[in-house]
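Below is one structure, written out as structure tokens, with a few remarks after it.
The values are calculated or read from the model by the stated rules, or taken from the named source; none is laboratory data. All of these numbers come straight from a predicted model, not from anything done at the bench. Every residue, glycine as well, gets a Cβ built from its backbone with ideal geometry; the counts of neighbours run over all protein chains shown.
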Amino acid sequence: MSQSQLNSSKTPEEEVILFYRHAGLWLAGFSVLLAVVMVAASDVRFDPRGSVVLSIMAAAGLLVSRLSWWTRRSPKKADAFGTLGQVWVAGVSCGLISLLGLRLQLPLVDHLLRNSDRMIGVEDIALVDWLSRMPDWLMTAMASAYSQTVPILFLSLAILSILGDRLEVWRATFCFVGTLLSACLLSIATPAKGLSVWASDDIILRLPPQSGRYFWATFDRFHGDAAPSIALGSIDGVVSFPSFHVAMGLIVVAMWRRRPVPRVLAIAWLMLMLVATVPLGGHYVVDLLGGACIWACWFSLSRSAETLTTRESAKSLEPSFATAEA
């Protein structure tokens, strides 16, 4: 084996990164295909305004990532554009899937979710009532932690790409796409308006505006009888069970788990955000557990794929190194 061939061989870590990259692309591609089929099969009117610009931006990002990957001149740029592009494409397509799933008009499962909370010993409305009496500064911090979940995820991906932590960046992207697709598909079978259905007006008034009900207008429009219109630039989240906010929070913490200071900061933010998901996001406690379970499944799958790919890559390299040494 020549020296040039030996140098061109991928390391086990590069093989794992390639697996995450390709698997994420396949999952994102499947979500796009499913979203297109659901749009074509539904009575929803599609508004193309704003979609062209957003689509060009996503395509440009993925193209830059691919060119940088091929030339190997700027792996950090390839990782940043590639991961953010995959996350954006999956976010838009899965958002469409969750919205269009409401057109099936399946019965709401709010009773089932609340009874599930009671079965595990949680009085959710009493919990919301207690949290609504927290000091204003704490409520403001909770609201900020909850509303900034997506920006924090994007920022973490960008920073880790710049730092060159390629394995964790692509693992996080793979877990994001897989977890989001799973959550949106599950939400189709479990439509719910959330815990705020049961909260009294007195409790709601003590919370920040639109707490737990910020997505109700969109939910009612798509779950109702009239055919709504949809645009890519105005896709709202309508998923109660399982909570994708929880999944995103765990993805962020997992990204920083090998860096002590960012890990502590990420955990502190996660704790604040988790508390906020109940009163502000209108999530049942079982929603949080469901989101955590879905993330755990995909994270475990990523670790298993890493172990298997690393083992197979190491086996394939052994004969090559032996030949080169001879």
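Examine the range 157-171 for a residue that is in contact with a Gly (Cβ under 8 Å, 6 or more places away or on another chain) and touching a residue at least 60 places away in the same chain (Cβ under 8 Å), and state whether such a residue exists. Let's see the steps before the verdict.
From the range 157-171, those in contact with a Gly (Cβ under 8 Å, 6 or more places away or on another chain) are 170; that's our starting set.
Narrowing further to those that are touching a residue at least 60 places away in the same chain (Cβ under 8 Å): 170.
So far as the range 157-171 goes, yes, one or more of its residues are in contact with a Gly (Cβ under 8 Å, 6 or more places away or on another chain) and touching a residue at least 60 places away in the same chain (Cβ under 8 Å).
Could you tell me how many of the residues in the range 246-273 are within 11 Å of LEU153 (Cβ to Cβ) and outside any helix (DSSP H, G or I)?
0
This table checks each residue for (1) surrounded by 24 or more Cβ atoms within 10 Å (Cβ to Cβ); (2) small (Gly, Ala, Ser); (3) closer than 24 Å to THR83 by Cα.
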{"site": "PHE241", "(1), (2), (3)": "yes, no, no"}
{"site": "VAL246", "(1), (2), (3)": "yes, no, yes"}
{"site": "PRO262", "(1), (2), (3)": "no, no, yes"}
{"site": "LEU265", "(1), (2), (3)": "no, no, yes"}
{"site": "VAL275", "(1), (2), (3)": "no, no, no"}
{"site": "TYR284", "(1), (2), (3)": "yes, no, no"}
{"site": "ASP287", "(1), (2), (3)": "yes, no, no"}
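When residues of the range 192-213 are filtered for being assigned to a helix (DSSP H, G or I) and touching a His at 6+ places or on another chain (Cβ under 9 Å), how many remain?
1
Can you name every residue in the range 229-281 that is hydroxyl-bearing (Ser, Thr, Tyr) and under 24 Å from ARG206 (Cα atoms)? So that I can check it myself, show each step before the final result.
Taking the range 229-281 first, the residues hydroxyl-bearing (Ser, Thr, Tyr) are 229, 234, 240, 243, 277.
Passing the criteria: SER240, SER243, THR277.
Considering the range 9-24 alone, what residues qualify as being in a loop (DSSP other than H, G, I, E, B) and either loosely packed, with under 15 Cβ neighbours inside 10 Å or free of Cβ contacts under 8 Å to residues at least 12 places away in the same chain (or both)?
If we filter the range 9-24 for residues that are in a loop (DSSP other than H, G, I, E, B), which is where we start, we get 9-11.
Result: LYS10, THR11.
Could you go through the range 307-318 and let me know if any residue there is over 25 Å from the mean Cα position of the chain (by Cα), among the basic types (Lys, Arg), at pLDDT below 75 and part of a helix (DSSP H, G or I).
So in the range 307-318, the residues over 25 Å from the mean Cα position of the chain (by Cα) come out as 310-318.
Cutting the leftovers down to among the basic types (Lys, Arg) gives us 311, 315.
This time we only want the ones that are at pLDDT below 75, so: 315.
Subsequent filtering for residues that are part of a helix (DSSP H, G or I) retains 315.
Yes, there is a match, as at least one residue in the range 307-318 is over 25 Å from the mean Cα position of the chain (by Cα), among the basic types (Lys, Arg), at pLDDT below 75 and part of a helix (DSSP H, G or I).
Matching residues to (1) of a type in the set (A, V, I, L, M, F, W, C); (2) in contact with a helix residue (DSSP H, G or I) (Cβ under 7 Å, 6 or more places away or on another chain); (3) surrounded by 17 or more Cβ atoms within 10 Å (Cβ to Cβ); (4) at pLDDT below 90:
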residue	(1), (2), (3), (4)
THR140	no, no, no, no
SER161	no, yes, yes, yes
VAL177	yes, yes, yes, no
LEU195	yes, yes, yes, no
